[in-house]
Every structure is written in C-alpha cells, then in structure tokens.
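K.L.:
First the structure, then my questions, so here it is.
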Amino acid sequence: MTARDNKTKPEGNNNGPNRMWGGRFGLGPAEAMQRINASIDFDRQLYAQDIAASQAHCKMLVARGIVAEHDGAAILGGLDTIVREIEAGEFPFRAEYEDIHMNVEARLRELIGEAAGRLHTARSRNDQAVTDFRLWVRDAIDALDGQLKDLQAALIAQAEAHAETVMPGFTHLQAAQPVTLGHHLLAYVEMFGRDRGRLEDARARMNECPLGAAALAGTSFPIDRVMTAKALGFDRPTANSMDSVSDRDFAMEFLAAGAIVAIHLSRLAEELVLWCSGGFGYVRLSDAFSTGSSIMPQKRNPDAAELVRGKAGRVIGALNAVLVMMKGLPMAYGKDMQEDKEPVFDAAQTLSICLGASTGMIHDMTPDAAAMRAATAGGYLTATDLADWLVRVLGVPFRDAHHITGAIVQRAAQRGCDLAALPLEEMQAVEARITQDVFEVLSVDASVRSRTSLGGTAPDRVREAAAAARGRFL
Ligand code: ARG
C-alpha cells in the first residue's frame, strides 16, 4: 500500500496524513514532498534546545493554569525520558514527522498518551523553531568564544617567547622594516579579540525570547512570556510577534561575524604556509600538525593550514546562503526559513575545526630565529631608520632625508652590502654631515628597539602589550 492509496488516518501509521496537522487532509504526502519538507536529518541537532524550550513552556502553562498540574507533570516526565532516549541513541527519529519539534511531540504521545497534545497550547512551530535556533546559536557563540580565547592564549605565549626575535616586516609582501615576531603574532591577538567582540555583540542582540509569538499574531491564552524568557536565559521576550517568527538576522549576524573569523584564520594560515615553505623557513610546524607526501619522502606539508585557508570559503558561502534565502521574503514566517539551519550548523562546525587546528599549529610551532634574522639582512630594512636619523640629528626635512637615503641605498646596492656594512665615506659622499654615530641606528636590533611608540614593535613594548593582552582577553 502506498501513501496515495490510504485514505484513513490510523494513529502511528506512516502512510496516513500527518498526525500533527493532517486533520483536513485525506492523503499523506508524496515521497518527493516528504523529502523536500523533512528537516529531521539536520534539525535533530536542536534536540536539547527543543526540549529545554518545551520544559519552560510547559511549566509556564501550568503556572498560568492553562494546563493542569498532573498533565504538566506527565509532559515533563515524558520529556526527560526523550532526552535520555536521544542521548542513548535509542530515539526513533522519523522523517514522516518532518522535524525535531514534531518528532519529540509524537514520541511524547507514545510515552504519555493524550496529555502530550496539551504541550502545544499557545505555541506554534514557528516560535518554537526560532526559539530553539536562537538557543543553539547562543551556545555556538559561547563555544567559539572559548576557542578564540584558546587561540589568543597560544599566540600570546609565543609572542612572549619571541618578544625580541627579529624578522622582516612586510608591506606588499616586500621586506619593509624589521619587526619582532612577538609583535607580528600580537596583531592576530587583536584581530581575534575584535572577532570575539563581534560575536558578543551579536549574542547580546539575539538574546530575546520569541516563544509566545505563536504562529505570528501572538495568542489568546494568558501566557507569561517573561517567565519562559527567564527560564531559558534570555534577557527579555521579543517585542513583536511577527518580527519574532519572521527574521533570521541573528543567524546572519552570527555568520557575518563567523565569516570574519574565518578570514582572519585564513590569513594566519596563509602566513604559516609561507613561513614553513623553503623560501622562508621561518617556522617549523610540529609533526602532529604536518603531513607527509605519499611519493616524496622529504616533504612536510602544512595541510592543516591549507585547509583552514580553504575552509574560509565554506563559512562565507554559509553567510551568502542565508542572506540570499532571506532576501525578499514577505512577513511573517515562510518555509524558506527552514533553510537557515544547515549553513549555520556547517559554519559553526567548520569554525570549531579551524580554531582547534590553528591553536594546535601555533602552540606547537618552532620559530627559527636565525632564519628570520638572516632574512632581515640585505633588504635595506633599516633605510627608514637612516632617514629618521638625518631628520633627528641633522635637522633635514623628511622628504629630503628620504631622497638622501635613497642615494645611499643605491651605493650599498652597487657594493653589494647592507647599510650597516657601508663605509662611512660612502655615506658622506652623499651627505657630508653624516657621522660615525649613524651606525647606532642601522642594525636591525637597534631599529626594533627604537620603535617604542604606543603599539610599536620594540621588545619592551611587545612584552607590555602581551601582558596587557593577558589581562584584556584571557
Ligand atoms: N522545521 C520548521 C523550520 O525549521 C519548523 C517550522 C514549521 N512551521 C510551519 N508553519 N510549517 O522552519
């Protein structure tokens, strides 16, 4: 017998009309209908939030005299059993009940009978789904915040260990001025700190409870929305029932903030890929975060970093999917919105995986201080220090100092030596007033030591900044 043949409505029969909403239907859904409609394969992830919201709703219904105490007790007992069944892997998830909400309610009916039907009083799947989803995104934000903090801790620890380790700082990926590795790593600590701030802002804005908005118009039952909001850890109930069930801006904000996290992770990953390549050789990743080649025995590949770089695309894609899905949707709820979950689930999981791998790579990596120092030689990285010396000591206007320094760099290039190794006479041939003192600013160590401005790369500043970052972020 197929769904089409069956015109009766037997309880528990998969072929009849839907038990939850099928009262006016003669036939059950076509298989293709069920396939496009059912979300249970992914929204089962919302089970804990769905049951928590049902518990809060049930207690409120009892407190307000909308549901009798003994029915409320039966419902709460049944919900406890369902959590246990799900967590033991024994829960019968069924596509014919479409989503997590109806699967839980259908099972509740099997467990406690009639009383199960009272749980859905003064509520709709529309406010139920969005309440669950807000709770889930809130949890995801809290988990990501912890992981971002772990990454910051790993970066700060490396920064402290390498507050004096000099390396080339780049602009245009051309060696520009000497910096310290600690300073470079603390730049990422700032980026991830702002990422945490964006997630926290999104969390604060989303932390209002939609439960009680019902389908879209509110309900005629004397519910207490403040009570359910409080029970679920929300700051307050949402103000407008139509807005409550029809916007997904909290998901979009989460994904937008998450996409920026992914971009920051991807930039860090790209630097790790560069730094452990032969041309740079600045760091060695640990065995635990490297892979070998099946054909080239000498290879140590930074696969984790490459995957972090690559997975940024998924997170950005998730943001795009939800933005485009929401565009032009009329108020209030539309089933399109069921498409909000998979991108969010995938983005949250992807970010979690990428954060774990990034923290591991940073924690375990071994910087090669000698290789980084060697890379600072030969690129005239202290040319700006020479120009600044001409300004400070000789009173030359900076533009002229820039020009003079350019001519001196040209002489160094002709001799094939670094600025610190250029004989004084060569410099004096360009500007007669230059004295022996100039050599004090031409070494890379002197250069970084002199960058003492607030937020600068001087080792003392880096140590202060690392200590401050511990206080601000950890
Ligand atoms: N699974 C649905 C969703 O995620 C639940 C809401 C269904 N509401 C409805 N009126 N059909 O959006």
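The values are calculated or read from the model by the stated rules, or taken from the named source; none is laboratory data. This is a predicted model, so every value here is computed, not measured. Cβ placement follows ideal geometry from the backbone for every residue including glycine, while neighbour counts extend to all protein chains displayed. Just so you know, the surface numbers come from the protein's heavy atoms only, side chains and all, with ligands and any DNA or RNA stripped out. Shrake-Rupley method; radii C 1.70, N 1.55, O 1.52, S 1.80 Å.
K.L.:
Got a sec? Which of 119, 111 is open to solvent by 20 Å² or more (accessible area, probe 1.4 Å) and away from the ligand (no atom under 14 Å from the Cβ)?
P.N.:
Just a single option satisfies the conditions, and that option is 111.
K.L.:
Still on this structure, please answer the following. Please list, ordered by first then second residue, the pairs with beta carbon atoms under 8 Å, 6 or more apart or interchain, first in the stretch 87-107 and free of Cβ contacts under 8 Å to residues at least 40 places away in the same chain, second more than 14 Å from the ligand (Cβ to nearest atom) and among the aromatic types (Phe, Trp, Tyr).
P.N.:
Pairs found: 107/91.
K.L.:
Evaluate the following for residue 380: is it over 17 Å from the mean Cα position of the chain (by Cα) and within 24 Å of residue 253 (Cβ to Cβ)?
P.N.:
Answer is no for this residue.
K.L.:
If residue 441 meets every condition in (1) open to solvent by less than 60 Å² (accessible area, probe 1.4 Å); (2) free of Cβ contacts under 8 Å to residues at least 40 places away in the same chain apart from one, which number is that one?
P.N.:
(2)
K.L.:
What number of residues in the stretch 399-452 are in a helix (DSSP H, G or I), among the basic types (Lys, Arg) and under 48 Å from the mean Cα position of the chain (by Cα)?
P.N.:
The total comes to 2.
K.L.:
Under 16 Å from the mean Cα position of the chain (by Cα) and open to solvent by 30 Å² or more (accessible area, probe 1.4 Å) - does that describe any residue in the stretch 232-244?
P.N.:
Scanning the stretch 232-244 turns up no residue that is under 16 Å from the mean Cα position of the chain (by Cα) and open to solvent by 30 Å² or more (accessible area, probe 1.4 Å).
K.L.:
For the stretch 235-345, which fully contained helices (runs of 4 or more DSSP H) count at least 1 residues that are under 29 Å from residue 170 (Cβ atoms) and hydrophobic (A, V, I, L, M, F, W, C)?
P.N.:
Result: 249-275, 303-326.
K.L.:
Right, another one. In the stretch 125-182, which residue that is within 16 Å of the chain's Cα centre (by Cα) and aliphatic (A, V, I, L, M) is surrounded by the fewest Cβ atoms within 10 Å (Cβ to Cβ)?
P.N.:
For the stretch 125-182, the residue satisfying everything is 143.
K.L.:
Which one of 96, 11 is open to solvent by 20 Å² or more (accessible area, probe 1.4 Å), outside any helix (DSSP H, G or I) and at pLDDT below 95?
P.N.:
The match here is 11.
K.L.:
Residue pairs, Cβ under 8 Å, 6 or more apart or interchain, first in the stretch 280-299 and within 27 Å of residue 181 (Cβ to Cβ) and open to solvent by 60 Å² or more (accessible area, probe 1.4 Å), second small (Gly, Ala, Ser) and at pLDDT 90 or above. List them.
P.N.:
Going by the 8 Å Cβ cut-off, the qualifying pairs are 288/360.
K.L.:
Any residue at all in the stretch 319-339 that's away from the ligand (no atom under 16 Å from the Cβ), of a type outside the set (Ser, Thr, Tyr) and buried (at least 16 other Cβ atoms within 10 Å of the Cβ)?
P.N.:
yes
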